Amino acid sequence: MSEWKWTLIANHDTLTEGPVWDGSGLLYNECAAHTTFRWDPKTNENTVWRENTGAANGQTFDRQGQLFVCESDAHRVTKVDPKNPNADPTIISDAFGGETLNWPNDIAVDQQGRVYFTDPNYSQNPNNLEHESVYMAEHTFGGNWNTTRVTFDTHKPNGVLLSIDQKTLFVADTPNGPNKPKRLLAYPVNDDGTLGDHQVLHDFGRGRSIDGMTLTSSGAILASAGSASLGPGPMIYEFEPSGRVVRTHPAPADNPTNCTYGGPSLGTLFVTFAGGEVYQVDGTNHTGQLAYPQRRF
């Protein structure tokens, strides 16, 4: 098997997150700068794509190419118009039970258009809600969105990902502190979009566990995890859907935050980092499984 080739394509001052491939370029967020950038592989240039993002973090396209975004500091999940990204977005969810959301972090959309998002608190401020949970936002016939809490056992949910068959929701439960449980969880998805009882797929022990995840066309999970300060170091984990670790790949920078596939055939992996770096990775021997855009041969 060939070795992965890491190429630095961007280097910002603060944490980058939420990489998504838009069909011809990479969108990603510099969260603290409240800015979304776009990298163009033809010119190898990064330009400002969206400003005043509410400290946007995780983001994803649905099957129709609509962009859904977790705006952490704005305490909301929105739908952004890719053709006019600086226009006011559509608010998908900004409260639960009459209370403001915590800090929405990562997001996945199923084939029916149901939006799953995590709502942890990694800030120094008190929680807005008494719990840190995963939610499902569902579009109603009246044009509104209804938000339902779907986990009741998470400590600090972070990355979220749907399996290829849409029957499982993978959740990275990533609380701070060495003695808190850091695990990759798998929840069965019920017909109505709610979740059943979780199964623990992997326990990271005391080390830094998963931040973000992406899916390959074979159903494998690639996850950004680890740090230089504790455990085996920063790396990309390859998991089978069962949770078995197939292999790990050391990362060239500390604290990888998220990853996604892109490129014309969805064969290039992109990884963001807490230090502001963004890398392109070739030679992974995988292709991505994305709702949008579909793989082109």
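Identify all residues within segment 242-257 that are in contact (Cβ under 8 Å) with a residue 12 or more places away in the chain and either farther than 19 Å from ILE107 by Cβ or of a type in the set (Asp, Glu) (or both); write none if there are none.
Matches in segment 242-257: SER242, GLY243, VAL245, VAL246, THR248, HIS249, PRO250, ALA251, PRO252, ALA253, ASP254, ASN255.
Does GLU30 satisfy the criteria of being among the charged types (D, E, K, R), within 21 Å of TRP145 (Cα to Cα) and under 19 Å from the mean Cα position of the chain (by Cα)?
In short, no.
In segment 189-211, which residues are part of a loop (DSSP other than H, G, I, E, B) and either more than 20 Å from ASP165 (Cβ to Cβ) or among the aromatic types (Phe, Trp, Tyr) (or both)?
Listed by number, the residues that qualify are PHE204, GLY205, ARG206, GLY207, ARG208, SER209, ILE210, ASP211.
HIS198 versus (1) out of contact with any strand residue (DSSP E or B) (no Cβ under 7 Å at 6 or more places or on another chain); (2) farther than 25 Å from PRO19 by Cβ; (3) surrounded by 14 or more Cβ atoms within 10 Å (Cβ to Cβ); (4) of a type outside the set (A, V, I, L, M): which is the lone unmet condition?
Among (1) out of contact with any strand residue (DSSP E or B) (no Cβ under 7 Å at 6 or more places or on another chain); (2) farther than 25 Å from PRO19 by Cβ; (3) surrounded by 14 or more Cβ atoms within 10 Å (Cβ to Cβ); (4) of a type outside the set (A, V, I, L, M), the lone unmet condition for HIS198 is (1).
Quick one: how many residues across segment 57-92 are touching an Asp or Glu at 6+ places or on another chain (Cβ under 7 Å), closer than 18 Å to TYR292 by Cβ and not β-branched (Val, Ile, Thr)?
So the answer is 4.
Among the listed residues GLY18, GLY97, identify the single one that is on the phi > 0 side of the Ramachandran plot, loosely packed, with under 14 Cβ neighbours inside 10 Å and not acidic (Asp, Glu).
GLY97
When you scan segment 258-274, do you find a residue that is surrounded by fewer than 17 Cβ atoms within 10 Å (Cβ to Cβ), free of Cβ contacts under 8 Å to residues at least 60 places away in the same chain and within 22 Å of VAL160 (Cα to Cα), even just one?
no
Residue by residue through segment 110-132, note down the ones that are in contact (Cβ under 8 Å) with a residue 24 or more places away in the chain and surrounded by fewer than 22 Cβ atoms within 10 Å (Cβ to Cβ).
ASP110, GLN111, GLN112, GLY113, ARG114, ASN121, TYR122, ASN127, ASN128, LEU129, listed by residue number.
Filter segment 133-152 down to residues that are at pLDDT 95 or above and loosely packed, with under 12 Cβ neighbours inside 10 Å and give me whichever is nearest to PHE68 (Cα to Cα).
Looking at residues that are at pLDDT 95 or above and loosely packed, with under 12 Cβ neighbours inside 10 Å, I get ASN146.
Tally time: how many residues in segment 56-109 are of a type in the set (Gly, Ala, Ser), touching a residue at least 60 places away in the same chain (Cβ under 8 Å) and in contact with a Ser or Thr (Cβ under 9 Å, 6 or more places away or on another chain)?
The number of residues fulfilling the criteria is 2.
Which of the strands (runs of 3 or more DSSP E) contained wholly in segment 212-257 include at least 2 residues that are in contact with an Asp or Glu (Cβ under 7 Å, 6 or more places away or on another chain)?
In segment 212-257, the matching strands (runs of 3 or more DSSP E) lie at 221-225, 245-250.
The values are calculated or read from the model by the stated rules, or taken from the named source; none is laboratory data. If you're wondering where the values come from, they're calculated on a predicted model, not measured in any experiment. Cβ coordinates were reconstructed from backbone atoms using ideal geometry, including for glycine residues, and neighbour counts include every protein chain displayed.
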